Amino acid sequence: MQRMDILHPSIDDYLLDIIPERDEVLTEMEAHARANRFPIVGPLVGRVLHQLVLLTNPTRIFEMGSGFGYSAYWMAKALQKPEASIICTDGSQENADRAAGYLARGGIADRIDYRVGNALEIIDETEGEFDIIYNDIDKDGYPEAFRKAIPRLRSGGLFITDNMLWMGRVITQEPGSAPEGLDERERWFHDATIGVREVTRLLYSSPEVFTTIIPLRDGVSVALKR
């Protein structure tokens, strides 16, 4: 299946052209992502994350799925309290090492506690409430991420999730079990789509949160805990 554009390509180009240039480190991170086909939220959603941090003035952020630190970089640059910090998580030591370099060059390494491992296990091992939990793990794990994250948010905290429109597969994939004959890649996409659809159902049906999906890039949801 071909990727569906969430925004009209001309609108996407317009928005990308009109936003300010990023700093040297973010520009390098974006170039690395393009060259290596590594998925990042990109500058349009990065600015949303930055703005949400400015608006909420958090002390503790937990990031589920940090890659090489692109989204954490946007959020860390918006932290205002001297004691504010972000716990980053990823299954790849290589990603953690690359992130360390970028974050150090950006002058925000002291704001980051990067832990290598399974985000769903690490959050269970970490005490206390969070002001923001950002979710970008494998999509089949999204429903479990919701179940683990919401009890750990303070009232008024945010649960933010990337890829909520999932390249249009949320509307083009037939519901139900995977059809016969799918290769491993297509089966992964199928299971991921089920995860995105289920977390969407949970977000909009739960009385604990008020949710909006913003149709930028691949869709990002913002859920406010009541």
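The values are calculated or read from the model by the stated rules, or taken from the named source; none is laboratory data. Just so it is clear, the model here is predicted, and its values are computed rather than measured. Reconstructed Cβ throughout: ideal geometry from the backbone, glycine too, with neighbour counts over all protein chains shown. Protein only, heavy atoms only, side chains kept; ligands, DNA and RNA dropped before computing areas. Shrake-Rupley method; radii C 1.70, N 1.55, O 1.52, S 1.80 Å.
Viscosity 0.692 mPa s, temperature 37 °C: Stokes-Einstein D of segment 1-147 from its Kirkwood Cα radius, in µm² per second? So the translational diffusion coefficient is about 205 µm²/s.
Just need the relative contact order of segment 80-155 here, percent rounded to a whole number, with Cα pairs under 8 Å and 6+ apart. Reported as a whole number, the value is 31 percent. Using the alpha carbons alone, the radius of gyration of segment 72-226 stands to its Kirkwood radius in an Rg to Rh ratio of 0.99.
Taken about its Cα centre, the chain carries a charge dipole of about 620 debye when Lys and Arg each add +1 at the Cβ and Asp and Glu each add -1 at the Cβ.
Sorting the segments 96-106, 141-151 by their mean number of nearby beta carbons within 10 angstrom, highest to lowest, gives 141-151, 96-106.
Is the shape of segment 113-173 rounded, prolate or oblate, going by the alpha carbon gyration tensor and its root eigenvalues a ≥ b ≥ c, with a/c under 1.5 for rounded and a/b larger than b/c for prolate?
Because a/c hits 1.5 or more and a/b exceeds b/c, segment 113-173 counts as prolate.
Note on R47: accessible area is roughly 110 Å² with a 1.4 Å probe, heavy atoms of protein only. Think of segment 43-103 as having a plus end and a minus end, set by charges on the Cβ of Lys, Arg, Asp and Glu; of A100, I87, W74, W74 sits farthest toward the positive end of this dipole. Mind telling me which of E28, E129, E180 comes out most flexible in a GNM of the chain, alpha-carbon contacts under 10 Å? Comparing E28, E129, E180 in a Gaussian network model of the chain, the most mobile one is E180.
Computed on protein heavy atoms with a 1.4 Å probe, the accessible areas place T59, T212 in the order T212, T59, largest first. How would segment 11-98 be classified by its alpha-carbon gyration tensor: rounded, prolate or oblate, with rounded meaning a/c under 1.5 and the a/b versus b/c comparison settling the rest? Since a/c reaches 1.5 but b/c is at least a/b, the shape of segment 11-98 is classed as oblate.
Taking segment 7-47 on its own, what percent of its Cα-Cα pair distances exceed 12 Å?
63
Net charge of the neighbourhood of G128, taken over other residues with C-beta under 12 Å away and scored Lys/Arg +1, Asp/Glu -1, is -1.
Looking at the chain, the accessible area is 50 square angstrom per residue; that uses a 1.4 Å probe and ignores ligands, DNA and RNA. Gyration tensor analysis over the Cα atoms of segment 176-226 returns equivalent ellipsoid semi-axes of 28, 13, 6 Å (largest first, whole Å).
When the residues H190, H50, H8 are ordered by accessible surface, computed with a 1.4 Å probe over the protein chains alone, the sequence from largest down reads H8, H50, H190.
Ligands, DNA and RNA aside, D5 has an accessible area near 90 Å² when probed at 1.4 Å.
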